[in-house]
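The values are calculated or read from the model by the stated rules, or taken from the named source; none is laboratory data. The model shown is predicted, which means the values in this text are computed figures rather than measured ones. Note that we place each Cβ from the backbone using ideal geometry, even for glycine, and neighbour counts take in every protein chain shown. The area values use the complete protein model at the heavy-atom level, side chains included, leaving out ligands, DNA and RNA. Shrake-Rupley method; radii C 1.70, N 1.55, O 1.52, S 1.80 Å.
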Amino acid sequence: MNNANNEIKDINLWESGKRKIDWVESNMPLLRGIKADFEKSKPFAGLKVALSVHLEAKTAYLCKVFAAGGAQMYITGSNPLSTQDDVAAALAHEGLNVFAWYNATQEEYERHISKVIEAAPNIIIDDGGDLVTLIHSKYPHLLDNVIGGCEETTTGIVRLHAMHREGKLKFPMVLVNDADCKHLFDNRYGTGQSVWDGVNRTTNLIVAGKNTVIAGYGWCGKGVAMRAKGLGASVIVTEIDPIKAMEAVMDGFKVMPMNEAAKIGDFFVTVTGCSRVITEDDFLVMKNGAICCNAGHFDIEVDVAKLKSIAVEEKTARNNIQGYKLSNGNWIYVIAEGRLVNLAAGDGHPAEIMDMSFAIQALGALHIVTNKGKLPAGVINVPKEVDSEVARRQLGFWGVEIDTLTPEQEKYLNSWS
């Protein structure tokens, strides 16, 4: 369905998408509370919000929260394989502007990204940095309309820091991923669970007893390794950071270079945010039947292009699994074309996890609007009070109470003597 306000696959899918959105809404109490607040205060009245986040049900509910706050929404995905067409249809059915469909070509994906920028947004909600990069490079005449925005993920923050260092970032961007209520929970517990949801449903193979190689031991890598261990895998970590490598060793995991791990691995999960983490040299020493997947934002960590070029035969082994036969006779398998396995082969993070992350997004955007004209261009940390407010609300929903400092304790902690 193409018109001035939408480019989606099929509006008739909306009822299925609505059921998905209704389900996550019932499991996202933080966003429900924020939505109720926004409905009263209308902090985004008269403003256009451009959003590029993996377009599934949790993201859709975040869009509805902004819309409840008065925002005019312009929505696209942040990965060609993570958009769910029925969810896109449900948002379009409610009158929101949606430009995305599943399995978009690169040209279609770039056109959809451009569509939301061409709306001249005032707030940008980004996941991976594509919106921010595009408006600076191709639409500089629209920069003055932008009050600021928020970035969801590690990869996007890496790009923002690069722009900030070069003095190229022309408006304030809140680093949502760096908030404690985001990376300590979303990256670790969300990625940890959703990666294995995607792998297990796609392969239908057992993890227990398998050598599982995790490339990268940041918060996402820690979560993926922890869940692999819980599933009974023998976990191997590859790292470039000596301190993170020490952490992995002391957490009970083997640590070795990728080319050594490649010789014994059964499953491979890249989660680094870097490029060419698994390369030709690694493919050539892998066991027959090795399975590779990626949990980093872009499809550049497993060098699928090189694997295709050295393969003597290629086949679809199973839905969302492509097989490549090498000249040595071994088959190497790649899930979801090397794109984000938890979204391209699954439903992404659990709703309760994204409730915290998207609460930070919503309140981060509120911080930008409330302080319009007062924040410098560049990267901005999530205010500590926002992080703490989300944590307090979450504990309340769990029925958990915590202690508070007495005046005497506060005096003690603030005294040098």
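So here's what we get for this one:
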| item | result |
| --- | --- |
| Average accessible surface area per residue within region 187-275, 1.4 Å rolling probe, Å² | 43 |
| Environment charge at ILE135 (Cβ cut-off 12 Å; Lys +1, Arg +1, Asp -1, Glu -1) | -1 |
| The chain: proportion of alpha-carbon pairs further apart than 42 angstrom, % | 15 |
| Subset of LYS20/LYS64; LYS210/LYS254; LYS210/LYS306; LYS170/LYS372; LYS64/LYS384 violating a 19 Å alpha-carbon distance limit | LYS210/LYS306; LYS64/LYS384 |
| Per-residue HN-Hα couplings for region 143-150 [Karplus 6.51, -1.76, 1.60; θ = phi - 60°; Hz; x = Gly/Pro] | 4, 5, 6, 7, 6, x, x, 9 |
| Axial C-alpha extent at least 15 Å, average Kyte-Doolittle at least 0.0 - helices from the chain (DSSP) | 57-68, 351-370 |
| Accessible area (Å², 1.4 Å probe, nearest 10) - TYR189 | 80 |
| Gyration tensor (alpha-carbon) shape descriptor, region 208-269, a/c threshold 1.5 | oblate |
| Extended-chain gain in nm, criterion 0.36 nm per residue less alpha-carbon gap, ASN414 and ASN200 | 72.0 nm |
| Cβ-defined net charge surrounding LYS20, 13 Å radius [Lys, Arg +1; Asp, Glu -1] | -3 |
| Antiparallel DSSP beta bridges within region 1-151, percent to nearest 5 | 5 |
| Cα shape, region 279-417, gyration tensor, a/c 1.5 rule | prolate |
| Extension gain from ASN330 to VAL158, taking 0.36 nm per residue of separation minus the Cα-Cα distance | 58.3 nm |
| Sulfur and carbon atoms: percent of accessible area, the chain [1.4 Å] | 51 |
| DSSP beta bridges in the chain [antiparallel fraction, %, rounded to 5] | 20 |
| Estimated [θ] at 222 nm from DSSP helical runs (n ≥ 4, -39500 (n - 2.57)) normalised by residues in the chain, nearest 500 | -12500 deg cm²/dmol |
| Overall form of region 1-110 per C-alpha gyration tensor (a/c, 1.5; a/b vs b/c) | prolate |
| Heavy-atom accessible area ranking, 1.4 Å probe, most first, across LEU307, LEU284 | LEU284, LEU307 |
| Summed side-chain charge close to ILE123 - residues other than ILE123 whose Cβ falls under 15 Å, Lys, Arg +1, Asp, Glu -1 | -1 |
